[in-house]
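A.B. asks: One structure is given below, represented as structure tokens, and several questions about it will come after.
The values are calculated or read from the model by the stated rules, or taken from the named source; none is laboratory data. The model shown is predicted, which means the values in this text are computed figures rather than measured ones. Here Cβ is always computed from backbone atoms with ideal geometry, including for glycine, and neighbour counts include all displayed protein chains. Note: accessible area is taken over every heavy atom of the protein model, side chains too, but ligands, DNA and RNA are not part of it. Shrake-Rupley method; radii C 1.70, N 1.55, O 1.52, S 1.80 Å.
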Amino acid sequence: MTKGWLKIREPSDLQTALVRMLNKILASEDPLSHAGRFASLANTWLNAKRLELESGEWAEIKARLDLVEQAQAFDNPQEANDFKKNMRELKEMMKVYEAHC
């Protein structure tokens, strides 16, 4: 791969590339002559950040919906409550695990 090239696969990859470009503009001899480019790149960076946040929110909503659908599959309320409790405990264990990795 050529020096300076980035693979853009995720919104975060795009953000990294945009930050590099913005920094080059700011470090140039006359950054004000690039104000239009800077504004356009900054707007693109904001949109990439928004997309990243929205995709995370959608994943969380989907996970919650899956949990509700699974809980409804039980015959009695106690089984559903036990399932929800176990899922909360599992999420907490996963957070602890991810914090140590």
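A.B. asks: Quick check: at a probe of 1.4 Å, how many percent of the accessible area of the chain sits on carbon and sulfur atoms?
C.D. replies: For the chain, the apolar C and S fraction of the accessible surface comes to 59 percent.
A.B. asks: Oh, and also: Tell me, what is the per residue accessible area of the chain in Å², probe radius 1.4 Å?
C.D. replies: On a per-residue basis, the chain sits at 85 Å².
A.B. asks: Run lengths n ≥ 4 of DSSP H only: what is the helix-derived mean residue ellipticity at 222 nm for the chain, with -39500 (n - 2.57) per run over all residues, to the nearest 500?
C.D. replies: One gets -28000 deg cm²/dmol as the mean residue ellipticity at 222 nm.
A.B. asks: Then there is this: Provide the gained length on full extension for the span Ala71 to Asn23, in nm with one decimal, where the gain is 0.36 nm per separating residue minus the Cα-Cα distance.
C.D. replies: 12.3 nm
A.B. asks: Can I ask one more? Between 0 and 90 degrees, rounded to the nearest ten: what's the tilt of helix 11-27 against the longest Cα principal axis of the chain?
C.D. replies: 30 degrees
A.B. asks: Another question, if that's okay. Please give the helix 77-100 orientation as an angle from the longest Cα principal axis of the chain, in degrees from 0 to 90, rounded to the nearest 10.
C.D. replies: Between helix and principal axis, roughly 40 degrees.
A.B. asks: Hey, another quick one. Sorted by packing (mean other beta-carbon atoms within 10 Å per residue), highest first, where do 14-20, 46-52, 92-98 land?
C.D. replies: Packing proxy ranking, top to bottom: 14-20, 46-52, 92-98.
A.B. asks: For the chain, with only Lys/Arg (+1) and Asp/Glu (-1) charged at the beta-carbon, what is the dipole magnitude about the Cα centre, in debye rounded to 20?
C.D. replies: Result for the chain is approximately 540 debye, rounded to the nearest 20.
A.B. asks: Output the relative contact order of the chain, whole-number percent, from Cα pairs under 8 angstrom with separation of 6+ residues.
C.D. replies: RCO, the chain: 22 percent.
A.B. asks: Report, to the nearest 10°, how far helix 35-72 tilts away from the longest principal axis of the Cα atoms in the chain, using its own Cα long axis and a range of 0 to 90°.
C.D. replies: Tilt of helix 35-72: around 10 degrees.
A.B. asks: Using the C-alpha atoms of the chain, what convex hull volume per residue, in cubic angstrom, is computed?
C.D. replies: 147 Å³
A.B. asks: Among the listed pairs Lys62/Lys91; Lys7/Lys91; Lys49/Lys85, which are separated by more than 25 Å between their Cα atoms?
C.D. replies: Violating the 25 Å limit, Cα to Cα: Lys7/Lys91; Lys49/Lys85.
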